[in-house]
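Notes follow the structure.
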Amino acid sequence: MQRSIRYQIVGVVGAMLIGALATYLWLASDIFASDKLASLKDVTRVLASTAAEQVDASVEALAEKLRFYGRSRPAPDELFPAGSGVHAVRVFSREGSQWQEVSSFVRPGAPGAVAQVAPLTAVQLDTARVAGLVVDNTSVAGTALSRIAVAAGETMVVTASVEPGRVFRSIAAGGIVRLYLLDAGGRVLLHPEPDKVLQQVDLSAVPVVRDALKAELPSGEREYESATGGWVSSFTRTRAGQLVVVAEAPREEAFRAARALTTRALVVGALMIGIAVALAVYFSRRVSAPLAALQGTIERIARGELGAEVEMQSANEIGSLAESFNQMSRELMRRSEELDRKNQQLVQSEKMSAIGELSAGLAHEVKNPMVGIVGFAQLGQESTSLDEAREYFKLIDNDAQRANGILQNLLEFARPPDVEQEVLEFNQVVAGAVRLTAHQLQLNGVRVHTDYADGLPKIRGNGNQLRQVLLNLLMNASQAMEGFKDKHLYVQTKGGDAGAQVSVRDVGPGIAPDAQARIFEPFFTTKPRGKGTGLGLSVSRSIIEAHRGEIRVESEMGKGATFFIRLPSADALLNASGPFPTIDDLKATRH
Ligand code: ADP
């Protein structure tokens, strides 16, 4: 299958652009994504540590106030004003081994849920006393509450029920990063999802929280997978109460920019590829159109239109290719004409030599009627009546016609070659040649057997030239059988729709295999000097090939030689496809 250069160029350009775009996208999104991931980590780390410092500060400030309250019991309204987020405060004192609530305060307007919060047990109070500060989630009845328990000296613990959103205000996450606060055991104190606070969800199983709870270091970072996707997270623990602040962002965020880049690059890239392909089509057409014109001209030349030129005016390589091609075409025509001329000269000289060979027979052929004419003329002179003289005139006329016919035939044959072709009856051409040589063959003692098939197709060609070929075969055969006792020549025609064939078989010595390969070469002869030119068969072959036919020989030493000539029928020549119908095309049909 022929593949157009245009599509190849477009294919290559398209493939290169797609490859370049894909490589660019891959590299760019990779760099983008890893860069964004790094900056996401930075953001979560900074946010976690800043938030932890603020939580530290506000918890520490509140703890200070609680300690002060425990020790001095000032008016609570001043210490814990309405907007402070502190709903209730209780002061416990340890008397011997018992804890007593020594004072309590519930701010008016505090949510009712505050009253439902169970007070700390003795063990919990002891723990707070030892730890110094404990924060836990005491949310109850749909109200988010946290409790801060602070040791105020050796025997006193002050607890406060607070609104976590107000006290830990700094944990107000926004944007793509979410921040949450956990108590020392991993339980949620404050979270962007309020339900998690109300249900006091334990997040200690979340990898980053697990890290935070067991970590020796006060901060760290971690990437992990969860049911909701991958997270980039950092934690920082507060000094006061060992609370855990986690800041995390979905890892997808890191790829969002890369994806946006990919989408835009794809749109722009598709546009560019479209433009590039259009340009490639345009330029490759400029290359392939002249090539197509060149191909068309080559086909014309191949069909025999020598000298055909391609019209092209371009100043590039294609233009100079066209110019060289045109030069070649002109040169081809010039040489072909010269070759034709030489060929005709050769044909003519070969013809003259054939006439030389025929001359003895022809002279004999003409001599007979001449003798008749002379004899009848003498008899005429002696005739006594006009009627008798008329009889002799008639006989003289007959013989003169006969001699004239023979000479006419010879002149016809000797005429310089013309290349006119006409539609011919194949058998007539063959029979004409046989007739021309009949007398010579008879003189040489050769018996000719003809077998002409009926209904042969008409052929197209130059009768004079074809006769010359046959004459050459007949004379060669006759010469080959010289000195043989039985001299037989078989001329047979046959054919089918595609063409016709004539075979000339003799019973002479045959042709040796190595000679068979050379007999069609010019100047190859086995005949003595002055007898053979070695041109007969080579001229014959060039004539037959000019008729798009085939000439070949079959011979076995000692069994004679048979020459075959095949010619395409006039119809087959017209219908044959392609510039050069060969005999192979024609062989396919029956003979
Ligand atoms: P020429 O007849 O002048 O030698 P041709 O080209 O006609 O040139 O023939 C070339 C050679 O082919 C002859 O010299 C002869 O050796 C051989 N040849 C041709 N026809 C026959 C034939 N019928 N039998 C044997 N040899 C032949």
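The values are calculated or read from the model by the stated rules, or taken from the named source; none is laboratory data. Model, not experiment: these values are computed from the prediction. Positions of Cβ are backbone-derived with ideal geometry, glycine not excepted, and every protein chain shown enters the neighbour counts.
Residues of segment 273-299 that are among the polar types (S, T, N, Q) and over 17 Å from Gln313 (Cβ atoms): Ser284, Ser288, Gln295. Picking from residues in segment 516-529 that are within 6 Å of the ligand (Cβ to nearest atom) and surrounded by 15 or more Cβ atoms within 10 Å (Cβ to Cβ), the one that is farthest from Gly560 (Cα to Cα) is Phe524.
A quick yes/no check of all residues on (1) more than 16 Å from the ligand (Cβ to nearest atom); (2) touching a helix residue (DSSP H, G or I) at 6+ places or on another chain (Cβ under 6 Å); (3) among the charged types (D, E, K, R):
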{"site": "Leu470", "(1), (2), (3)": "no, yes, no"}
{"site": "Ser478", "(1), (2), (3)": "no, yes, no"}
{"site": "Met481", "(1), (2), (3)": "no, no, no"}
{"site": "Gly496", "(1), (2), (3)": "yes, no, no"}
{"site": "Ser503", "(1), (2), (3)": "no, no, no"}
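A single entry from Asp211, Asp202, Asp195 fulfils the requirement of being of a type outside the set (S, T, N, Q) and within 18 Å of Leu47 (Cβ to Cβ): Asp211. Looking only at segment 66-109, residues that are in contact with a Phe, Trp or Tyr (Cβ under 7 Å, 6 or more places away or on another chain) and not in a strand (DSSP E or B) come to 3 in all. Ser320 falls short of the stated requirement of being in a helix (DSSP H, G or I), modelled with pLDDT under 85 and within 33 Å of the chain's Cα centre (by Cα). Taken over segment 334-382, the residue count meeting the criterion of being modelled with pLDDT of 85 or more, over 20 Å from Gly405 (Cβ atoms) and surrounded by 16 or more Cβ atoms within 10 Å (Cβ to Cβ) is 1. For segment 123-163, the set of residues classified as charged (D, E, K, R) and outside any helix (DSSP H, G or I) consists of Asp136, Arg147, Glu154, Glu163, listed by residue number.
Within segment 535-544, the set of residues being modelled with pLDDT of 90 or more and near the ligand (Cβ under 6 Å from one of its atoms) comprises Leu537 only.
Taking Val423 as meeting all but one of (1) in a helix (DSSP H, G or I); (2) closer than 22 Å to Gly463 by Cβ; (3) modelled with pLDDT of 90 or more; (4) of a type outside the set (D, E, K, R), write down the number of the exception. It is condition (1) that Val423 fails. Just to be sure, is Arg566 more than 8 Å from the ligand (Cβ to nearest atom), in a loop (DSSP other than H, G, I, E, B), within 18 Å of Leu424 (Cα to Cα) and at pLDDT 80 or above? For Arg566, the condition - more than 8 Å from the ligand (Cβ to nearest atom), in a loop (DSSP other than H, G, I, E, B), within 18 Å of Leu424 (Cα to Cα) and at pLDDT 80 or above - is not met. Hey, does segment 548-561 have a residue that's buried (at least 17 other Cβ atoms within 10 Å of the Cβ), away from the ligand (no atom under 12 Å from the Cβ) and outside any loop (DSSP other than H, G, I, E, B)? Yes, the conditions are met somewhere in segment 548-561. Out of Gly508, Gly532, one residue alone is near the ligand (Cβ under 8 Å from one of its atoms), in a loop (DSSP other than H, G, I, E, B) and crowded, with 22+ Cβ neighbours inside 10 Å. It is Gly508. The residue pairs whose first member lies in segment 465-491 and is closer than 16 Å to Thr525 by Cα and of a type in the set (A, V, I, L, M, F, W, C), whose second member is in a helix (DSSP H, G or I) and near the ligand (Cβ under 8 Å from one of its atoms), and whose beta carbons are closer than 8 Å, counting only pairs six or more residues apart or on different chains, are Leu473/Ser540; Met475/Gly536.
Considering Lys458, Lys485, the condition of being under 26 Å from Val423 (Cα atoms), surrounded by fewer than 16 Cβ atoms within 10 Å (Cβ to Cβ) and more than 12 Å from the ligand (Cβ to nearest atom) is satisfied by Lys458 alone. Pairs are defined by a Cβ separation below 7 Å, a sequence spacing of at least 6 or placement on different chains, a first member in segment 503-530 that is within 23 Å of Phe484 (Cα to Cα) and among the β-branched types (Val, Ile, Thr), and a second member that is within 8 Å of the ligand (Cβ to nearest atom) and modelled with pLDDT under 90; the pairs so defined are Thr525/Gly532; Thr525/Thr533; Thr525/Gly534.
Applying a threshold of 6 Å to beta carbon distances and a minimum spacing of six or more residues, or different chains, the list of pairs starting in segment 182-195 at a residue that is in a loop (DSSP other than H, G, I, E, B) and ending at one that is buried (at least 20 other Cβ atoms within 10 Å of the Cβ) and aromatic (Phe, Trp, Tyr) reads His191/Tyr180.
When residues in segment 224-258 are screened for being in a strand (DSSP E or B) and not β-branched (Val, Ile, Thr), 14 of them pass.
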